Amino acid sequence: MIKPNQLKRGDVIGLVSPSSPLAGLAPHRVEQGIKYFEDVGFRVKIAGNALKVTGYTAGSIEERVSDIHEMFADENVKAIISMIGGFHSNQIIGKLDYKMIAKNPKIFIGFSDITVLHFALYTQASLVTFYGPALMTQFGEKFGVEEYTKKYFEKALMSTEPIGLVEPSKNWTDEFLNWFGKKDIERPRQMKVNGGYIWLKEGSAEGELLGGCITSMMHLRGTKYWPNLINKLFFWEIPESSADVSKGEPLSRVDAYLTDLALSGVFSDICGMIVGRPKGYSDEEIEKLKQLIIERTAGYSFPILFNIDIGHTDPIMTLPIGIRARIDSARNGFGVLESAVV
């Protein structure tokens, strides 16, 4: 695996929209995210098509590919952050120049639909990338970026030391305040107390971290972009529902995805499972989800850690893909064992 160079104050951060056009539809979130990075000492470069609105994508396939290539080829850009996710990153992965990208390794970070790009860059360019915050969703908060999000963003990207022990956040939220009505600039979101890590199956496991948004990764089953998951620590999380962004993906669909993964042999390959905190689920739905995971993995012995801070709730950590980590129920521990940048 190729590790990118660490991020330093004064560096240029490039912004891209590989899928959704929301950057062009909610510009106040983009402006706030840029302000955050400039205030803490970075410079920002927006890709040429990142603010485009063309139906449900931010530009054509060719324009979005061009933006990715522009940022990787620009020697001044040290990190590339996605504006947001979406549903159509799969349109661009077949046209990316992975040889050029591998020759110009740099930090690439995002979550949700960006999972598709993480898998493609892992399998085609052997590049360590980062499942973590996006500009609009985390850094675009008017009332400040969550300290937990900032802490693990900096530990993952701005230090050549391993992240080490990952502690659960103290508080969290999945409240959505409508961006289009600018409800998000009227008040901070309401926070809840985090109950910490939950072990659905005890044990310990060590391996490379690999995973992402369960809905997005399913686009790639049966393609050359699907990674080898033998002895991997497999992480996944659930996005919002396309029918109602305040709710999570329905349990019926999650059940189908877990069945797909089992049929694909994933559960026979992995050494451990890490599951992100679900968004928009009631307490009853969370209990049903936990039971569902236990049932669908009943024939396997790997440990399962539930309720970690990744994905579609806040705050979230920055999780390096392709880097060794360990989970251990006896110590209630989750730790990243090696550095992700050089």
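Here, each number is a calculation from the coordinates, and none is a lab measurement. Computed from a predicted model, the values in this text were never measured in an experiment. FYI the Cβ positions are ideal-geometry reconstructions off the backbone, even for glycines, and counts take in every protein chain you see.
Going by neighbour counts of Cβ atoms within 10 Å, the residues 61, 107 line up, fewest first, as 61, 107. Remark: for residue pairs 103/170; 52/106; 35/183; 150/232; 155/192, the C-alpha separation exceeds 31 Å in 103/170. Around residue 142, under 12 Å between beta carbons, what's the net of Lys plus Arg minus Asp minus Glu among the other residues? Charge balance in the 12 Å sphere: +2. Within straight-line reach of residue 8, meaning a Cα separation under 13 Å, sit the following aspartates and glutamates at least 8 residues removed in sequence or on another chain: 38, 154. Note on the chain: Rg/Rh from Cα positions, Kirkwood definition for Rh, rounded to two decimals, is 0.93.
Every helix of 4 or more DSSP H residues in the chain counts as -39500 (n - 2.57), and over all residues that averages to -8000 deg cm²/dmol at 222 nm.
Within region 174-246, the GluC sites (Glu not before Pro) that combine a DSSP coil assignment with at most 12 other C-beta atoms in a 10 angstrom radius are 186, 202.
Given q = 0.26 Å⁻¹, what are the Debye log10 I(q)/I(0) values for region 10-68, with equal point scatterers placed on the Cα positions and solvent ignored? Each listed q maps to, in turn, -1.00.
Two numbers describe the Cα atoms of region 72-208: Rg and Dmax, which are 17.3, 47 Å. Over the C-alpha trace of region 181-326, radius of gyration and Dmax come out as 15.5, 49 angstrom. In terms of other Cβ atoms within 10 Å, 63, 154 run from fewest to most in the order 154, 63. Note on residue 242 and residue 300: the extension gain reaches 17.7 nm, defined as 0.36 nm multiplied by sequence separation minus the Cα-Cα distance.
The trypsin sites (Lys or Arg not before Pro) found in region 216-249 that occupy coil by DSSP, while having at most 14 further C-beta atoms within 10 Å, are 221, 224. Quick check: from the Cα gyration tensor, does region 12-160 come out rounded (a/c under 1.5), prolate or oblate? Since a/c reaches 1.5 but b/c is at least a/b, the shape of region 12-160 is classed as oblate.
Structure remark: mean-square fluctuation, Gaussian network model of the chain, C-alpha springs under 10 Å; the largest value among 149, 160, 215 belongs to 160. With neighbours defined as other Cβ atoms within 10 Å of a residue's Cβ, the residues 12, 275 order from fewest to most as 12, 275.
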